[in-house]
Amino acid sequence: MKHDLQRLLNAAQSGAKEAEWIGLRKRKSDASFYMIRDGAFEEAVKAFNEGIMVEVLFKGSFGYAASADLSPEGIKTAAANALVTAKAVKDYTVYKFDSTVRPETKLEYISKRDKKAVPAVNELYAFMAEASKKLKAGEEIIQTSAMVEYGRYDYEIVSTNGADIEQSLFYISNFLQAIARKGDIIQTRSGNGPRALSRQGGWELLDIPHLLNMAEKTGQEAIELLSAPSCPNDKRTLVLMPDQMMLQIHESVGHPLEIDRILGDERNYAGGSFVKLSDFGSFQYGSKLMNISFDPGIGHELATYGADEIGNLAKKELLIKDGILMRGLGSLESQARSGVPGVANQRATSWNRPPIDRMANLNLEPGSTSFADMIKSIEKGILMKTNRSWSIDDYRNKFQFGCEYGVLIENGKLTKTVRDPNYRGISSSFWRNLAQVGDKNSFEVFGTPNCGKGEPNQVIFVGHASPVCAFNDVEVFGGGR
């Protein structure tokens, strides 16, 4: 570990001598954001942020204090403030912790990057300008948008029980969108949805030829939707492409399995969960084809890391196995409180927030059905892709989701395009109707850079990967016109 952080830990100890344990988490972020709208410059933002969270343990309670003053005196003061907090709440805590929930981990991790050199800004704008031309597939297109964001997060953690962690995470995000209009009909088509192309890695992720092809297809499909009939209103087999499965997994699996939410910690803001602690190990969450993994080890997935932000080593775990709920999205703290097995997922949005239970890379494991065979097997169905809207209740149970693009499936064939496709369901019964899971050839990796939770609010990076999937007897409906 870098000498200066160890020196600051010594300063923290001098400011909180009664603490049983002290940890420092230094986090630095550096991000650049560029956007073009209708082929013209719209926005350029450069953001840098750095600070330290001091955490102390006193008689079973944790206290926190953050500081952007990285001098020994600044950290000493923060440690003293954290101790005051821990003392103030020690008689009101819901659980008495000890230092076993802060592992003595030693680790170095850095994102896998094949191309490290950052392109010149004019090259990025040239790409976005060309993408805007491709998105403008006809006069019906009334607005185009192209965006590139890239950045890095650096974490350093030291503690009085010997933790010594350094992690550097690099990411790239891009977005393409075309909006088309004919009369009073307006349709939006985007490249895999809002910010879904957010992944961890180097500049190999900015595959310009592929993205330009995507831009051209996106514009063409936006225009195509203007003349398409509305989605039918009935029950049928629903085929979801991976860029919509991302949202389905996130909302109806990820959030309900957060143990702090199940324990009631989030009820005031982000809501509760239909899942109960007694469900783990026995609850039939979905069909036998449903295997959901927490996997922070997939190289280009957005929330890949070596350890969470309390030093718990990250490894792949099955949360749902053959449809049975086995494990929750709970940190060492939540595992201690609940008695339910969890994962390494205690993470924070920045240096000035304490880490809490969060999703990371949450994936549906591939099955054995090819996309072609899946479509051939369906007599009456609809394929939907790319999320457009979502609504789900506070317990993550009843939901209604909308997509940008739909295609009817009739007698084993993809037939006509439909606009404004939506579907609704109840989380557990929906997943129990999972009838087919695509093979590895349909498995795609996406990211969600804006998952919100916690008070004060914390927005964090989450990854999702999935193959194409088919669900039986799903209620689908159109946009009402």
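The values are calculated or read from the model by the stated rules, or taken from the named source; none is laboratory data. Here the structure is a predicted model, which means the values were calculated and not measured. Ideal geometry is used to build each Cβ from the backbone, glycine not excepted, and the neighbour counts take in all protein chains shown.
Taking only segment 175-227 into account, find how many residues are assigned to a loop (DSSP other than H, G, I, E, B) and either within 21 Å of Thr448 (Cβ to Cβ) or out of contact with any strand residue (DSSP E or B) (no Cβ under 8 Å at 6 or more places or on another chain) (or both).
Just the residues of segment 175-227 that are assigned to a loop (DSSP other than H, G, I, E, B), to begin with: 183-184, 191-196, 201-202, 206-207, 227.
Applying the additional criterion that residues be either within 21 Å of Thr448 (Cβ to Cβ) or out of contact with any strand residue (DSSP E or B) (no Cβ under 8 Å at 6 or more places or on another chain) (or both) yields 183-184, 191-196, 201-202, 206-207.
Residues that pass the stated criteria total 12.
Output the strands (runs of 3 or more DSSP E) that fall wholly within segment 375-481 and possess 1 or more residues being within 24 Å of Tyr285 (Cβ to Cβ) and in contact with a helix residue (DSSP H, G or I) (Cβ under 6 Å, 6 or more places away or on another chain), or say none.
Hits in segment 375-481: 380-392, 398-410, 434-437, 444-453, 458-466, 469-477.
Which condition does Ser168 not pass, out of (1) part of a strand (DSSP E or B); (2) among the hydroxyl-bearing types (Ser, Thr, Tyr); (3) surrounded by 22 or more Cβ atoms within 10 Å (Cβ to Cβ), if it passes all the others?
(3)
Restricting to segment 305-339, give me the number of residues that are farther than 22 Å from Glu104 by Cα and either surrounded by 23 or more Cβ atoms within 10 Å (Cβ to Cβ) or touching a helix residue (DSSP H, G or I) at 6+ places or on another chain (Cβ under 9 Å) (or both).
Within segment 305-339, residues that are farther than 22 Å from Glu104 by Cα and either surrounded by 23 or more Cβ atoms within 10 Å (Cβ to Cβ) or touching a helix residue (DSSP H, G or I) at 6+ places or on another chain (Cβ under 9 Å) (or both) number 7.
With segment 19-72 as the region, which strands (runs of 3 or more DSSP E) entirely inside it contain at least 2 residues that are exposed (fewer than 14 other Cβ atoms within 10 Å of the Cβ)?
Ranges flagged: 40-58.
Please go through segment 328-366 and pick out each residue that is in contact with a His (Cβ under 9 Å, 6 or more places away or on another chain) and not in a strand (DSSP E or B).
The one that is in contact with a His (Cβ under 9 Å, 6 or more places away or on another chain) and not in a strand (DSSP E or B): Met359.
Out of everything in segment 173-184 that is surrounded by fewer than 24 Cβ atoms within 10 Å (Cβ to Cβ) and touching a Ser or Thr at 6+ places or on another chain (Cβ under 9 Å), what residue ends up being farthest from Glu224 (Cα to Cα)?
Narrowing segment 173-184 to residues surrounded by fewer than 24 Cβ atoms within 10 Å (Cβ to Cβ): 173, 175, 177, 179, 181-184.
Narrowing the set further to residues that are touching a Ser or Thr at 6+ places or on another chain (Cβ under 9 Å) leaves 173, 175, 177, 179, 182.
Values: Ser173: 27, Phe175: 20, Gln177: 14, Ile179: 11, Lys182: 11 Å.
Result: Ser173.
Is it true that Arg388 is basic (Lys, Arg), in contact with a Ser or Thr (Cβ under 8 Å, 6 or more places away or on another chain) and modelled with pLDDT of 95 or more? Walk me through how you get there before you give the answer.
Details: basic (Lys, Arg): yes; in contact with a Ser or Thr (Cβ under 8 Å, 6 or more places away or on another chain): yes; modelled with pLDDT of 95 or more: yes.
So Arg388 passes the test.
If we scan segment 116-131, do we find a residue that is farther than 30 Å from Ser168 by Cβ, of a type in the set (Asp, Glu), in the same structural domain as Asp207 (by TED's automatic domain parsing) and touching a Ser or Thr at 6+ places or on another chain (Cβ under 9 Å)?
no
Residue under question is Gly286, and the condition is that it be crowded, with 19+ Cβ neighbours inside 10 Å, of a type outside the set (Phe, Trp, Tyr) and either at pLDDT 95 or above or in contact with a Ser or Thr (Cβ under 7 Å, 6 or more places away or on another chain) (or both); does it hold? Lay out the reasoning, then the answer.
Working: crowded, with 19+ Cβ neighbours inside 10 Å: yes; of a type outside the set (Phe, Trp, Tyr): yes; either at pLDDT 95 or above or in contact with a Ser or Thr (Cβ under 7 Å, 6 or more places away or on another chain) (or both): yes.
In short, yes.
Filter segment 92-107 down to the residues that are of a type in the set (D, E, K, R), under 15 Å from Val56 (Cβ atoms) and within 29 Å of the chain's Cα centre (by Cα) and list them by number.
Matches in segment 92-107: Arg102 only.
How many residues does segment 234-272 contain that are in contact with a strand residue (DSSP E or B) (Cβ under 7 Å, 6 or more places away or on another chain) and closer than 25 Å to Val476 by Cα?
Within segment 234-272, residues that are in contact with a strand residue (DSSP E or B) (Cβ under 7 Å, 6 or more places away or on another chain) and closer than 25 Å to Val476 by Cα number 21.
From the list Gly138, Gly183, Gly162, Gly151, which residue is within 20 Å of the chain's Cα centre (by Cα) and small (Gly, Ala, Ser)?
Gly151
Does Leu302 count as within 24 Å of Arg152 (Cβ to Cβ), buried (at least 23 other Cβ atoms within 10 Å of the Cβ) and either of a type outside the set (Asp, Glu) or assigned by TED's automatic domain parsing to the domain that holds Ser368 (or both)?
It is true that Leu302 is within 24 Å of Arg152 (Cβ to Cβ), buried (at least 23 other Cβ atoms within 10 Å of the Cβ) and either of a type outside the set (Asp, Glu) or assigned by TED's automatic domain parsing to the domain that holds Ser368 (or both).
Ile262: touching a helix residue (DSSP H, G or I) at 6+ places or on another chain (Cβ under 8 Å) and either buried (at least 24 other Cβ atoms within 10 Å of the Cβ) or among the hydrophobic types (A, V, I, L, M, F, W, C) (or both), yes or no?
Taking the combined requirement at face value, the residue satisfies it.
Looking at Gln143 and the list (1) within 23 Å of the chain's Cα centre (by Cα); (2) assigned to a strand (DSSP E or B), which single condition is not satisfied?
(1)
Is at least one residue of segment 319-327 closer than 30 Å to Ala163 by Cβ, in a loop (DSSP other than H, G, I, E, B) and not hydroxyl-bearing (Ser, Thr, Tyr)?
Yes, segment 319-327 contains a residue that is closer than 30 Å to Ala163 by Cβ, in a loop (DSSP other than H, G, I, E, B) and not hydroxyl-bearing (Ser, Thr, Tyr).
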